[in-house]
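In what follows, a structure is listed as structure tokens, so that the remarks can point back to it.
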Amino acid sequence: MTLTSHAIVGAAIANLAPDHPGLGFALAWASHYALDMVPHLDYDVDSLTNDIRPVHRILWNRRAMGKISLIAADFAFGMLVCMVIFAYDRTTFVATLAGVAGGMLPDFLQFCYHAWKKFPWTFFQKFHDFFHHPDKMKDKRVRGVASQILLPLAVLVGYFLVK
């Protein structure tokens, strides 16, 4: 799933109990793995993660910078959407940050794994891979993108029905 999808779902979950941001973070973290069980299309970062060169050599080239820019834009868009939808006072601001952080963090830990490939990063990667749906949907782009949009929208509808 995109970072935006993970952020929206994580922030919605955390804002169900905004007075308990630690619980919101933990539940948002768990939601990441639940979302990754659904078949979806991820953007291609294989050239960043499958390269055997040192990290600084991988990151400082035009193609890598384009992919890193895409990830940064996804992060920023997800954060912006969540702040606009959920954060209207100090309590919901903190809950939203906790939910966004918990929802996105497992994907950032993957980059730690690809950079160092040592414990504890190997543990987090194996855990992430265990839950991630094996179908990358590269040949089913419409369905893959639809799941990225419809699932967070369904969570938002559910959130506003419950709230």
What are the residue pairs meeting all of these: first residue in the stretch 19-43, first residue closer than 22 Å to residue 88 by Cβ, second residue hydroxyl-bearing (Ser, Thr, Tyr) and surrounded by fewer than 17 Cβ atoms within 10 Å (Cβ to Cβ), Cβ atoms under 7 Å, and 6 or more apart or on different chains? 19/91
Tally of residues being crowded, with 16+ Cβ neighbours inside 10 Å and part of a loop (DSSP other than H, G, I, E, B) across the stretch 14-46: 7
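Just checking, does the stretch 41-50 include any residue being of a type in the set (Asp, Glu) and modelled with pLDDT of 80 or more? It would help to see each step written out before you state the result.
Let us first name the residues in the stretch 41-50 that are of a type in the set (Asp, Glu), namely 42, 44, 46.
Filter once more, keeping what is modelled with pLDDT of 80 or more: none.
No.
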Residues of the stretch 57-79 that turn out to be at pLDDT below 75 and either within 13 Å of the chain's Cα centre (by Cα) or buried (at least 18 other Cβ atoms within 10 Å of the Cβ) (or both), as a count: 1
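Please work out if residue 93 is over 14 Å from the mean Cα position of the chain (by Cα), modelled with pLDDT of 90 or more and surrounded by fewer than 18 Cβ atoms within 10 Å (Cβ to Cβ).
yes
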For the stretch 128-161, name all the residues that are modelled with pLDDT of 85 or more and over 16 Å from residue 28 (Cβ atoms). 129, 130, 146, 147, 148, 149, 150, 153, 154, 157, 160, 161
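The values are calculated or read from the model by the stated rules, or taken from the named source; none is laboratory data. Note that the coordinates shown come from a computational prediction; the quantities given were computed from them, not determined experimentally. All Cβ positions, even for glycine, are placed from backbone atoms using ideal geometry, and neighbour counts span all protein chains on display.
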